[in-house]
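Structure, as structure tokens:
The values are calculated or read from the model by the stated rules, or taken from the named source; none is laboratory data. Keep in mind it's a predicted model, so treat the numbers as computed, not measured. Quick note on the areas: whole protein, heavy atoms, side chains included, nothing else; ligands and nucleic acids left out. Shrake-Rupley method; radii C 1.70, N 1.55, O 1.52, S 1.80 Å.
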Amino acid sequence: MGEISPRSAQGIRFAADIIRGSKNAIVLTGAGISTPSGIADFRSTHTGLWSQVNPYEVASLAAFRYQPEKFFAWLRPLAQGIRNSAPNPAHISLARLEQAGYIKAIITQNVDGLHQRSGSTNVLEVHGTLTTLSCGSCFQQVKSDDFLHAFLDCGEIPRCPRCLGQLKPDVILFGEQLPARTWLKAQAISKECDLMIVAGSSLEVLPVAGLPMRAVEHGAHLIIINQTETYIDVRADVVFTEDVAQIIPRIASEVLDD
Ligand code: ZN
């Protein structure tokens with residue numbers, strides 16, 4: 001871990017106090033928690049993934065249905081990045097805080113499955129996941145791992161083992177609704193929590209970006225760790241405009257006293 005400023009060191013102690021004093025803390029994570037793992041933000045226009053294509057066209061339900069070759073060509077570097085990635089210290093520290101009882105749930109905008117891989121169990125994936133695929137014809141759900149080699153290394157588009165229908169990654173595409181049950185649960189726990197920690201989200205993608213406001217309006221504390229400012233920084237108890245992989249492990253160590 002690199003050096004941090006005295007102001008951040010003070011913020012870490014303060015954040016740890018809030019976490020220890022909370023009874024129902026939850027976390028909201030976005031692309032920024034997976035960038036230290038080498039995964040590009042697939043919704044961001046600032047990354048290479050989007051330099052050639054219009055995301056609204058290619059990462060859409062319409063593209064999947066009518067231009068599958070184009071859709072799967074877009075998906076390939078993203079799936080490759082996830083295959084090559086591993087959880088970073090921010091993911092691992094959140095899992096430790098959950099295991100110690102300090103964090104009750106993680107709401108994530110990410111589709112990479114890295115929270116689960118680092119040991120977090122109560123994870124709400126509001127933008128879906130790339131770890132499974134579903135058949136649009138017979139609704140069979142399969143694990144992506146079984147298809148990755150053929151897809152990434154041999155260029156094969158995944159087909160349903162039961163009916164040969166085209167398999168769709170269980171990620172929420174442009175033009176699709178958020179998964180209803182997961183989204184309702186995310187809204188409910190945001191209202192009930194007494195602390196929300198925002199980690200690695202610039203809070204620009206609606207409707208998820210509205211969850212911290214919901215929490216604050218119901219009296220929750222708010223801790224924000226993100227490289228750039230967010231619209232709700234002014235309402236937060238403490239804000240770290242820094243790398244989550246630097247800050248979260250320090251907060252976890254302070255809370256867990258190790
Ligand atoms: Zn099928």
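Taking the C-alpha atoms only, the angle from helix 68-83 to the longest principal axis of the chain is near 40 degrees. Cross-link partners of Lys191 among lysines, defined as those whose alpha carbon lies under 24 angstrom from its own and excluding same-chain residues fewer than eight positions apart: Lys23, Lys104. Note on the chain: helix-only mean residue ellipticity at 222 nm, from DSSP H runs of 4+ residues weighted -39500 (n - 2.57) and normalised by residue number, equals -11500 deg cm²/dmol.
Residue order by solvent-accessible surface for Arg7, Arg13, Arg83 is Arg7, Arg13, Arg83, largest first, with ligands and nucleic acids left out and a 1.4 Å probe. Using a probe of 1.4 angstrom and keeping all protein chains present, the accessible surface of the chain works out to 48 square angstrom per residue.
For the chain, the Kirkwood estimate of the hydrodynamic radius, built from every pair of different alpha carbons, is 19.0 Å. Each listed q (0.11, 0.21 Å⁻¹) maps to a log10 I(q)/I(0) for segment 1-140 from the Debye sum over equal C-alpha point scatterers, namely -0.52, -1.32. For segment 165-194 versus segment 209-258, the inter-centroid distance based on Cα atoms is 22 Å. Springs between alpha-carbon atoms under 10 Å, Gaussian network over the chain: tell me which of Asp233, Asp146, Asp112 tops the mean-square fluctuations. It is Asp146.
Roughly to the nearest percent, how much of the accessible area of the chain is carbon and sulfur, given a 1.4 Å probe?
Values: 6190 of 12330 Å².
The computed percentage sits at 50.
Compared with the dominant Cα axis of the chain, that is its longest principal axis, helix 180-192 is turned about 0°.
Is segment 85-151 rounded, prolate or oblate when judged by the Cα gyration tensor, a ≥ b ≥ c being the square roots of its eigenvalues, rounded requiring a/c under 1.5 and prolate requiring a/b larger than b/c? Let's see the in-between values first.
Values: a/c = 3.00, a/b = 1.90, b/c = 1.58.
Prolate shape, in that a/c is at least 1.5 and a/b is the bigger ratio.
Note on Lys70: lysines with a C-alpha under 23 Å away, same-chain residues under 8 apart excluded, are Lys143, Lys168. Note on segment 179-235: Cα-only Rg and Dmax are 10.9, 31 Å.
Based on a Kirkwood Rh over C-alpha pairs, give the Stokes-Einstein translational diffusion coefficient of segment 146-248 at 37 °C and viscosity 0.692 mPa s in µm²/s.
200
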